[in-house]
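Everything below concerns the one structure shown next.
The values are calculated or read from the model by the stated rules, or taken from the named source; none is laboratory data. Keep in mind that this is a model prediction, so the values were computed, not measured. Using ideal geometry, Cβ is built from the backbone for each residue, glycine included, and neighbour counts are taken over all protein chains shown.
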There are 2 protein chains.
Amino acid sequence: MVKMKKSIASYALASILCLAGSAGAMAQDKTAEAAKTERYKPNNELIVAIEPANGQNPAEVELGKKLFFDPRLSRSGFISCNSCHNLGMGGSDNLPTSIGHNWQEGPINSPTVLNSSLNFVQFWDGRAANLREQAGGPIANPLEMASSHDLVVNILESIPQYKEEFKQVYGTDSITIDEVTKALAVFEETLVTPNAPFDRWLKGDENAINDQELRGYLTFKNSGCVACHNGANAGGTSFQKMGVIEPYVTDNESAGRAGVTGKDVDRMMFKVPTLRNVELTYPYFHDGAANTLAEAVNIMGRLQLGRKFADNEIEDIVAFLKTLTGDQPRFEMPILPPSSDLTPRAKPFE
Amino acid sequence: MVKMKKSIASYALASILCLAGSAGAMAQDKTAEAAKTERYKPNNELIVAIEPANGQNPAEVELGKKLFFDPRLSRSGFISCNSCHNLGMGGSDNLPTSIGHNWQEGPINSPTVLNSSLNFVQFWDGRAANLREQAGGPIANPLEMASSHDLVVNILESIPQYKEEFKQVYGTDSITIDEVTKALAVFEETLVTPNAPFDRWLKGDENAINDQELRGYLTFKNSGCVACHNGANAGGTSFQKMGVIEPYVTDNESAGRAGVTGKDVDRMMFKVPTLRNVELTYPYFHDGAANTLAEAVNIMGRLQLGRKFADNEIEDIVAFLKTLTGDQPRFEMPILPPSSDLTPRAKPFE
C-alpha cells in the first residue's frame, strides 16, 4: 500500500514536470542523477554475495536429488526430505514446527535447506558439523522420518536402478548410509540462490535495489543486525542467544545449544539463521512464532539490540530483507526408481 | 533371473554359430528373420496407443501445476495433490491406502493421476464425472486434505502472484473454486504417458516388445483380461465387480459403486483401474493388498476369470504389463507463489 501511494505520488510529480516542458524534465533528470551519485555504495560490507554452485559431480547430484525426493527414506513411505524442506517453498515447510511420522509435532521450525552449505554448522543447535552429518539425522529421528539407516540401505539395495546409480557414482557393490548422506549433501550444495537484488547491488549494480531498500539496509547495518547476520548467508556464522537484552517469551522452551554442550549457559543459544530468501521462509524463529517479517524485525530489535524500531524503519528493513531473495533452484522433478518385488513395503499405520 | 539365463543361452548359441563361420551366421539370421515374420502383429487390438497431450493453454497448465504441488490447499499446509499422486512415483503414493489429515488412514488405494483424463469417470467408485469434478473432492474431504473450498479461495486470494496468474488465465478479478479445479484438471490432462513399448509395437515397431512380452500380451488377451482392461488406458472404461467367479476376501470391505448408487448390486463394483504404468503403481487393488504384479495377476485370473495361470504365464503377463510403462511427465518443479502477511497461516496441530 505504501509503495502504491508513493508511485502514484511520483507519477503525479512527473506529470507536473512534464507539463512544465522539456527544460523542467531535464532538470528533474539531473536532480535524480545527482541523488543517485550521492547514494551509499558498497564498501567492505559484512554480507557478501552468493556465488553459483559449481564443481559437483552431475551424476552424484542427480542421485542425491532422487534421494531428497524419495519418501522411501521414511518409515511411512510418505515423508521425504522435500516434505519439510520444500524446494518450491524456499526450502522450508512454512509451518511453525514440522510434522513428523504419525503426525507428531516437531520440536522446532524447519530451517531452509537453501544455501545451507554456507552455514558454519547444521541444525538450530549446531549438532552436525556439516551437511553429510546432518542428512543422516532426520532419517532415523523417531519424531521425523522415523526410519533407520539399516532399513533405508536395505530398501535402496533392493531397487535395481538405485543399485546401478550408486555403483556408477561410488564404484562400490553395496550401498552404504555414508554414500546416501554424501549424495544428499552434494545435491544440497547445489541449492544456493545467487543473483539476489542485494547481491547485484553488492557487485556494483546501483539500480538493483531502490531507495527504500537501501535505507532499510543501512538501518539494518547501522543498528547492529549485521553483527550476527553476516557472511554469504547473512547468518549461519555463529551461535547467539535468543533474547539478549530482553528474554524471549515462548511456549516452546528449547534447550538450544545446551542440548549439545550440556552447559546451562548455552540454553536458548541457536545458530543465527540465514536471512537469505527470508521472504519465503515464514514463519520465523526456532519456534515459528513470528508470522511476518515486520513482527520478526520488531521483536529482534527489542530483544537483541534493545532498540524499538519505528514503523517506517521496520518497513524499510523488511523491504531490504526482500532483496535477499535469490534465484531459486530450477530443475526437472526427478522420476524415482521403482521398487522391486523384493523391496520392503511401507506400512504407515503399523 | 529368467531373462538373464535366456540371454546367456542366446549368447552361447550365437557363439557356436559364429564359430561355424559366416554361412552359419547367415543361416541364423534368416531363421531369426523367419521367426520374426511369424510373430503376431497388431490387428484391431482393444488396447490403443496413448497420444501426447495437446491443446492445453500453457499458462493454465503452469497455474494448475503450482496448485497441484501447493500444500496450502490442505488444512495442515502439509498435504498437496502430489503427496498422494506423486508424479515421481507413477502418480500414486505406493501405499496400501493413503495418509490423510492428522495421519488418518484413508479408505482406499490412491489411484494414479497419470492418464486419468482417459478414464470414463473418476475415483474408484466413479462418483466424479470428470477431472474438474474430482479435483474439488480431496481438498474438502476431512479424511484427506481436510480444508474447505472457501478457505482455499481465501488463501489464494491473499497471495498476490496467484491473484495475478488467475487473472491472466481467466480474466476475472476474484478467484473461484471452479477456476481452481479447472486449472488442476487442465494440468492433469497433460499427465499422459505416451510412447510405451507396447504403444510403439501397436504402431508398427515389431521390435518394441520381445517374445516373452508378446506371449504375455497374447495370454492376457486370449484369456479375457482385455475384456475389461481395454481402451487407451487399458482400463477406465467400465465398472466391474471385484470377485466375479470367486469372492474377494479383504479386511477392507468397501461399498464400491454402491456408495454412489445406493444399490446393493453395486457392492464391490469399481471402475476398472488402468494398467498403464502399473509397474510403478504398486501395491494393487482398491485396498492395496497385492504387493506385486505376479500376485495381482494370479488373483485376477482366479477371481475374475476362473483361471489358474501357470507360473510361466504369470511371468509372461507381468513382462507384458511392464511394456505399458510410458514416458513419465517431465517438467521443472514449480516454485510456489509466497504467502503474504495477510495469508491465513496453517495450524497443523489445532
Just to be sure before I move on: is B:Tyr170 within 30 Å of B:Pro329 (Cα to Cα), surrounded by 19 or more Cβ atoms within 10 Å (Cβ to Cβ) and of a type in the set (Ser, Thr, Tyr) in the structure I sent?
no
Tally time: how many residues in the stretch B:129-156 are out of contact with any Phe, Trp or Tyr (no Cβ under 8 Å at 6 or more places or on another chain) and within 14 Å of B:Asp178 (Cβ to Cβ)?
12
When the stretch B:318-350 is examined, which residues are found to be assigned to a loop (DSSP other than H, G, I, E, B) and of a type in the set (Gly, Ala, Ser)?
B:Gly326, B:Ser339, B:Ser340, B:Ala346
With the structure loaded, tell me whether B:Asn119 is farther than 30 Å from B:Arg345 by Cβ and touching a Lys or Arg at 6+ places or on another chain (Cβ under 8 Å) or whether it fails that test.
yes
So which of B:Arg307, B:Arg257 ends up being touching a Phe, Trp or Tyr at 6+ places or on another chain (Cβ under 7 Å), among the basic types (Lys, Arg) and not assigned by TED's automatic domain parsing to the domain that holds B:Leu114?
B:Arg257
Set A:Glu179, A:Glu188, A:Glu165, A:Glu144: member being charged (D, E, K, R) and within 14 Å of chain B (Cβ to nearest Cβ)
A:Glu144
Scan the stretch A:71-84 and report the pairs whose first residue is at the interface with another protein chain (Cβ under 7 Å from one of its Cβ atoms) and part of a loop (DSSP other than H, G, I, E, B) and whose second residue is surrounded by 24 or more Cβ atoms within 10 Å (Cβ to Cβ) and small (Gly, Ala, Ser), with Cβ atoms within less than 6 Å and a gap of 6+ or a chain change.
none
Return yes when A:Asn130 is surrounded by fewer than 22 Cβ atoms within 10 Å (Cβ to Cβ), more than 14 Å from chain B (Cβ to nearest Cβ), modelled with pLDDT of 95 or more and touching a Ser or Thr at 6+ places or on another chain (Cβ under 9 Å) and no when it is not.
yes
Being closer than 14 Å to A:His286 by Cα, more than 20 Å from the chain's Cα centre (by Cα), surrounded by fewer than 17 Cβ atoms within 10 Å (Cβ to Cβ) and not assigned by TED's automatic domain parsing to the domain that holds A:Ser110: is that true of A:Val244 here?
no
Looking at the structure I just gave you, is A:Pro273 in a loop (DSSP other than H, G, I, E, B) and either away from chain B (no Cβ under 13 Å) or under 26 Å from B:Arg72 (Cβ atoms) (or both)?
yes
Checking A:Arg302 against (1) among the basic types (Lys, Arg); (2) within 30 Å of A:Lys163 (Cα to Cα); (3) in contact with an Asp or Glu (Cβ under 7 Å, 6 or more places away or on another chain), the condition it does not meet
(2)
Within the stretch A:193-206, can you find the residues that are touching a helix residue (DSSP H, G or I) at 6+ places or on another chain (Cβ under 8 Å) and over 17 Å from A:Leu46 (Cα atoms)?
A:Glu206
Per the filter on the stretch A:286-345, residues away from chain B (no Cβ under 13 Å), surrounded by fewer than 19 Cβ atoms within 10 Å (Cβ to Cβ) and charged (D, E, K, R) are A:Arg302, A:Arg307, A:Lys308, A:Asp311
Can A:Val278 be described as within 14 Å of another protein chain (Cβ to nearest Cβ), farther than 24 Å from A:Pro107 by Cβ, crowded, with 22+ Cβ neighbours inside 10 Å and without any contact (Cβ under 8 Å) to a residue 60 or more places away in the chain?
no
Going by what's in this entry, would A:Ser110 be described as of a type outside the set (A, V, I, L, M, F, W, C), without any contact (Cβ under 8 Å) to a residue 40 or more places away in the chain and closer than 26 Å to A:Asn230 by Cβ?
yes
One residue is enough: does the stretch B:97-110 have a residue meeting the conditions within 14 Å of the chain's Cα centre (by Cα) and either part of a loop (DSSP other than H, G, I, E, B) or more than 9 Å from every other protein chain (Cβ to nearest Cβ) (or both)?
yes
Requiring at least 3 residues that are within 30 Å of B:Phe285 (Cα to Cα) and assigned by TED's automatic domain parsing to the domain that holds B:Lys65, the helices (runs of 4 or more DSSP H) wholly within the stretch B:124-235 are B:131-140, B:177-189
Report the residue count in the stretch A:173-204 for those that are in contact with a strand residue (DSSP E or B) (Cβ under 8 Å, 6 or more places away or on another chain) and crowded, with 22+ Cβ neighbours inside 10 Å.
1
Tell me which residues, restricted to the stretch A:47-72, are of a type outside the set (A, V, I, L, M, F, W, C), surrounded by fewer than 23 Cβ atoms within 10 Å (Cβ to Cβ) and under 21 Å from the mean Cα position of the chain (by Cα).
A:Glu51, A:Pro52, A:Asn54, A:Gln56, A:Lys66
Scanning for something more than 7 Å from chain A (Cβ to nearest Cβ) and within 23 Å of B:Gly288 (Cβ to Cβ), does the stretch B:56-64 turn up at least one residue?
no
In this structure, does A:Gly88 turn out to be in a loop (DSSP other than H, G, I, E, B), within 11 Å of chain B (Cβ to nearest Cβ), within 24 Å of B:Pro338 (Cα to Cα) and not polar (S, T, N, Q)?
yes
